[in-house]
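Input: a single structure, listed below in structure tokens.
Each reported figure results from applying straightforward, stated rules to the coordinates on display, with no laboratory input. All figures in this text were calculated on a predicted structure; none of them were measured in a lab. When we count neighbours, we look across all protein chains shown, and the Cβ atoms used for this are built from the backbone with ideal geometry, even at glycine.
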Amino acid sequence: MDALIAAAAVFVGLHLIPSTPARGWIAGSLGENVYLGLFSIASVVGLVWLILAYRTAPHVEIWQAGAALGRAPAIVMPIAFVLLVCGYTTRNPTAVRQHQHLQARDPAPGILKVTRHPLMWAIALWAAAHLAAKGDLASTIFFGALTGLALFGMALQDARKAQTLGAAWGPFALTTSAIPFLAAIQGRTKPRLGEIGRWRIAGGLALYALVLVAHEWAFGIDPLP
């Protein structure tokens, strides 16, 4: 369990660096491209360590999930996969080296009118649903770290973008929201299904179906108990 705690701490700490002054110092010393390359490698290594530590951690039950919580991933994951596909296929000024899209005629297309952080929400929903369904200490550490990082990371990312992009960030932030549908509820934007892309929604659901079928083979767990 100590290895899992250490891996989780390193992984979370690593992903907090871009929102601290250390990022500017490292990127300034090494160059932006070198920094991004090293950060990507470190992220992959950290994730692999975290997964391996989780898989070898002892099982210590904290609560019994029961049938209702056990089905949480099957209910939540379709939404997560749709957000995942939408996030990866929609230009987003919050992504690395995509701030130039703030100057586009519509800087918040498609899914960004629902939330400006679709990928973060995909991770948060995936992790939180599996956290609820597991009920053991190792899963609480593993999925809890990823849930917290995704949710907290949105606020950190917004703060960094506001600081680095200045006035260019303001209009985009005012017409979008980190919390899904908040900007729409407040009348600051209007999501449209056609703009999000029916093919993106279909692709997310198809990916969910594929993972559902392969889940027991890949992870040894039936996702539909």
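Other residues whose C-beta falls under 13 angstrom from the C-beta of Thr175 contribute a net charge of +4, scoring Lys and Arg +1 and Asp and Glu -1. Computed from phi, the 3J(HN,Hα) profile of region 157-172 under the Karplus parametrisation 6.51, -1.76, 1.60 (θ = phi - 60°) reads 5, 4, 5, 5, 5, 4, 6, 7, 9, x, 4, 5, 6, x, x, 5 Hz, with x in place of Gly and Pro. Couplings 3J(HN,Hα) for region 31-48, derived from phi with the Karplus relation 6.51 cos²θ - 1.76 cosθ + 1.60 (θ = phi - 60°), are x, 4, 5, 5, 4, 5, x, 5, 5, 5, 5, 4, 5, 5, 4, x, 5, 4 Hz, where x marks Gly and Pro. In summary, the aspartates and glutamates within cross-link reach of Lys113, defined as a Cα separation below 15 angstrom excluding same-chain residues under 8 places away, comprise Glu195. Normalising the average separation of contacting C-alpha pairs (under 8 angstrom, six or more residues apart) by the number of residues puts the relative contact order of the chain at 27 percent. Listed peptides 1-12, 51-62 appear in the order 1-12, 51-62 once ranked by packing, highest mean of other Cβ atoms within 10 Å at the front.
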